[in-house]
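In what follows, a structure is listed as structure tokens, so that the remarks can point back to it.
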Amino acid sequence: MPDTKDDFELVNSFISGNQSAFNKIVLKYQQKIYWHARRMTGNHLDADEVVQEVLIVLYKKLKDFQFKSSLYTWIYKITATRSINYLKKRNLKQIFSFEDIEAKLISSSEDILKDIETKEKLDKLEKALQKVPLRQREVFIMRNFDEMSYEEISEITGVTTGGLKANYFHAMKKIMELVQKDENL
């Protein structure tokens, strides 16, 4: 987890007029912003657009940040919201690409999807995720790929842990049914 004291100093330095402090915040979090946006949008170009939106929001709103949560949680929430809004606004299909994490899925012995080891099964899984509702997919991504606890996800999304667990359960159930069926995939 990122260093909160360092974040506090960077935010206060930026508020005091030090533009390089904002650059340091961007450097510290840009990869995390990008990868969450990439997982949500499914491709590089859309993720880059979301990242640009997030950075603009950060620049405009950072002076109002009050450390009621960690800076990382606040940035993550902005990224998640902007990603969802981007997908809704563009009316894009719900896409989630596994090409960047395929090796992780195959090699991880504790992953929920550990039995999916072949390229054919990964392709089926990718297609199944396209059919999972956006909120369920978001929880699935946060739990499996960002390795967040339900409490962290709740703080970001504003959804109760019970609601998140239900979304996750339904996402897993639907994914498994679709992968096993193989029809319409």
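The values are calculated or read from the model by the stated rules, or taken from the named source; none is laboratory data. Bear in mind that the values here come from a model prediction, so they are computed numbers and not experimental data. Here the Cβ is made from the backbone with ideal geometry for all residues, glycine too, and neighbour counts use every protein chain on show.
Just a few scattered comments:
- In the condition set (1) in contact with a helix residue (DSSP H, G or I) (Cβ under 8 Å, 6 or more places away or on another chain); (2) closer than 23 Å to MET148 by Cα; (3) modelled with pLDDT of 90 or more, MET1 is compliant with all but (3).
- Annotation: of all residues in the stretch 16-70 being in a helix (DSSP H, G or I) and polar (S, T, N, Q), the one that is nearest to ASP146 (Cα to Cα) is GLN31.
- Qualifying positions in the stretch 43-72 - among the hydrophobic types (A, V, I, L, M, F, W, C) and either in contact (Cβ under 8 Å) with a residue 12 or more places away in the chain or touching a Ser or Thr at 6+ places or on another chain (Cβ under 9 Å) (or both): ALA47, VAL50, VAL51, VAL54, LEU55, VAL57, LEU58, LEU62, PHE65, PHE67, LEU71
- Those residues of the stretch 125-149 which are surrounded by fewer than 19 Cβ atoms within 10 Å (Cβ to Cβ) and part of a helix (DSSP H, G or I), in sequence order: GLU126, LYS127, GLN130, LEU134, ARG135
Yes/no matrix, rows are residues, columns are (1) modelled with pLDDT under 75; (2) farther than 19 Å from THR73 by Cβ; (3) of a type in the set (Asp, Glu):
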| position | (1), (2), (3) |
| --- | --- |
| LEU87 | no, yes, no |
| PHE96 | yes, yes, no |
| GLU102 | yes, yes, yes |
| ILE106 | yes, yes, no |
| ILE112 | yes, yes, no |
| GLN136 | no, yes, no |
| SER149 | no, no, no |
| ILE156 | no, no, no |
| THR160 | no, no, no |
